[in-house]
Structure formats: C-alpha cells, structure tokens
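The values are calculated or read from the model by the stated rules, or taken from the named source; none is laboratory data. Here the structure is a predicted model, which is why all the values come from computation and not from measurement. Neighbour counts run over all protein chains shown; Cβ positions are idealised from the backbone, glycine included. Calculation scope for accessible area: heavy atoms of the full protein, side chains included, ligands and nucleic acids excluded. Shrake-Rupley method; radii C 1.70, N 1.55, O 1.52, S 1.80 Å.
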Amino acid sequence: MFPLFLPFNFIVMKKVLVIGAGGQIGTELVLELRKRFGNNQVIAADVKETCSEALSNGPYIQMDVLDKENVREYIINEKPDDVYLLAALLSATAEKHPDFAWKLNMEGLFTILELAKEGQIKKIFWPSSIAVFGPTTPRDNTPQYTVMEPTTIYGISKLAGERWCEYYFNKYGVDVRSIRYPGLISYTSLPGGGTTDYAVDIFYHAKKTGTYTSFLNEESALPMMYMEDAIRATIELMEAPKENVKIRSSYNLAGLSFTPADLANAIQKEQGNFEITYAPDFRQAIADSWPNSIDDSAAKNDWGWREKYDLHQMVKTMLENVDISKLN
Ligand code: SER
C-alpha cells in the first residue's frame, strides 16, 4: 500500500544526465542543476576517467558519446528524464581535426535523438552556436531567421544538427530544445579550443602579469555572455512549458557584444594597470565570419529570456574570481 501523503521529493524528483559534464558549460550546468533537483538526481558524464573536484558532490560516470551501444544501454537502464548533450569539439580545434569534429559533433546527437524517438528520454538539450552564421549573414543584430552559410566545420556541424533537431521534433515529436550560445565567459572551468576563448584567457593574464596578447585583432566584435546568464537561460528554456518553445532548431541568444579593445578598456578601468597587444592568428578568420551582435527577441518573446550581466559586472566578477594558479 502507498502511504496517503507522499514526501515532496518523491513526487517531483526527476533524473538528469549531462554528457560532456567536464567542459566549460557542463561543469557549471551540473552544479546548478544539482542545486535545483538534488545532487543525486543529476548524473555527470564525461569521457575523462575521473571526475573533477568541482563535480564530486554527486554521481559521475565515464562515458564516450561515440560508444553508441554503451550510451544506449546506460540510458535505457537509467531512464533519465532530461539529457543535456554537451560533448563537442569547438571551432578552433575542429578546424584542426575536421573528420573527428564532424563525427563527434553529429554521431552523439543521432544516438540521443533516436533514444528520445523511442521514448527512452523525455527532453533533450543540445547546444548550437553563433558559428551557424557565416560571412554572408547580416553581422549586426543578426536575426533569428537569416542567411546561414557557415564556413567552419564547427559551424557546419551545428547548422546540420539544428536541422536534425527540428526534423525529429516535426516528424517524431521529440522534445528537443537548443540555444545558439555566444562566446561564454566563466571562471569555474576553462574553455578549450574556441575562437572566443581570448575573452576568458585575458582575465588570467591581466591578474597574473597585467598584460595580454590577443589572438584576435582589436576590432573583432563578437557576441558574448557571462556563464551565469547562459546557465540560467539553458535551464529556463528546458523548464519552459512545451507550447512556449516555438523554435525547435535553436534560439538566438544575446548578452554582451564587445571587441578585445572594449574588454581591455573595461579591465583597465577596474584594475588600473593593464596592457593589451594584438597578434591575430588563424582564429581571426573564424571571428571575421561570425556576427558582431545578435537579435534574441524570439527567446525574449517565447520564454521570457532576460540577460542580467553587463560588461562592467562581468569584468568585475571575473577579476574577483579567476584563480591564476590554473594558468600554467
Ligand atoms: N565559443 C565557441 C567557439 O569559439 C562558439 O560557440 O568556438
């Protein structure tokens, strides 16, 4: 016999699986999801054998998203309600390993979409990126619907993934939700292999040496966002009523837009001593193909998105919190 009154957590607890939990987004997402749903309800999965210190407050499993049979078996046994699939190669690394980037960025998505189609998963989050846009896209206030001709492998994989997500929603009713993340700025875990990574690296160098050499030129305006806003956006989208999620490819999301020179000025104002020099490398061409700023009115209208952090608040928080011992 069931007791008449079930304990609160018995009723609402859902199980969440975050694949790619060791990355820049994954680490903070897992921590925030655990605050909301309980530490034991949120399983962190990553290809790394051992879990980072930051994620040690809850369950961790080693998972290679390319090992399809293992992923299938795990999900069918564990039955997570929501799966966040974050494992991917970012733009700069993908240019160096195009075959592997295409494989990693696409195959994991197919495995998860198929499991949701079979009813093994209720909801999927899959990240897209500003990289889905290209040099023929209008660069300022880039609309939700516009020309999309990405010129990087990463952008091509994200655009193809968006099309597949929408297809699985239309054809099979798979509840898949997505955001086109701008460059993400955070101090908990380092980014790796992206074109927007300069906007994180700069804080470590500013604090340690008072100087930084940027791999993008001073005029490269790019859409950016402080991680806390990005995590909140992700969870708000995932928790929004199904009927409010009208876009099943991926939502534009804007927060900040600045150049390396703007960022350097803001750091200088906050810290006093800081000098920047510029030595653009191959990542400049990637940045040049991406928007300067993004129109996110669809996210605002459909599920009430509002950013909180401006440039000044972001710079202040980063300078206060980056741990320079992470810089080798
Ligand atoms: N931050 C990513 C990159 O630079 C863009 O999504 O690759």
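Quick notes on this structure:
- Rounded percent of accessible protein surface that carbon and sulfur make up, region 66-160, 1.4 Å probe: 54
- Per DSSP, loop GluC sites (Glu not before Pro) in region 14-102 with at most 16 further Cβ within 10 Å: 49
- The distance between label points at residue 47 and residue 147 comes to 3.5 nm (points 7 Å beyond Cα on the Cα→Cβ vector).
- Å² of accessible area per residue within region 89-173, as computed with a 1.4 Å probe and no ligands counted: 45
- Residue-averaged [θ]222 nm for the chain, counting only DSSP H segments that reach four residues, each worth -39500 (n - 2.57): -12500 deg cm²/dmol
- Contact order normalised by residue count of the chain, Cα under 8 Å, 6+ apart, percent: 18
- Stretched out straight at 0.36 nm per residue, the stretch from residue 72 to residue 110 would grow longer than its current Cα-Cα span by 12.6 nm.
- Relative contact order %, region 225-323, counting alpha carbon pairs below 8 Å whose residues are six or more apart: 45
- Dipole-positive endmost among 18, 194, 278 within the chain (Cβ charges, Cα centre): 18
- Expressed as a whole percent, the accessible area of region 198-328 that falls on carbon and sulfur atoms is 46 (1.4 Å probe).
- The spacing between region 184-243 and region 65-130, judged by their C-alpha centroids, is 23 Å.
- Placing +1 on each Lys and Arg Cβ and -1 on each Asp and Glu Cβ, with no other charges, gives region 111-268 a dipole about its Cα centre of roughly 440 debye.
- Under the convention that each Lys and Arg Cβ holds +1 and each Asp and Glu Cβ holds -1, the size of the dipole of region 137-225 around its Cα centre is about 240 debye.
- Only the Cβ atoms of Lys and Arg (+1) and of Asp and Glu (-1) were treated as charged; on that basis the dipole of the chain about its Cα centre amounts to roughly 760 debye.
- Chymotrypsin sites (Phe, Trp or Tyr not before Pro), loop per DSSP, at most 15 other Cβ atoms within 10 Å - longest free stretch of the chain: 6-144
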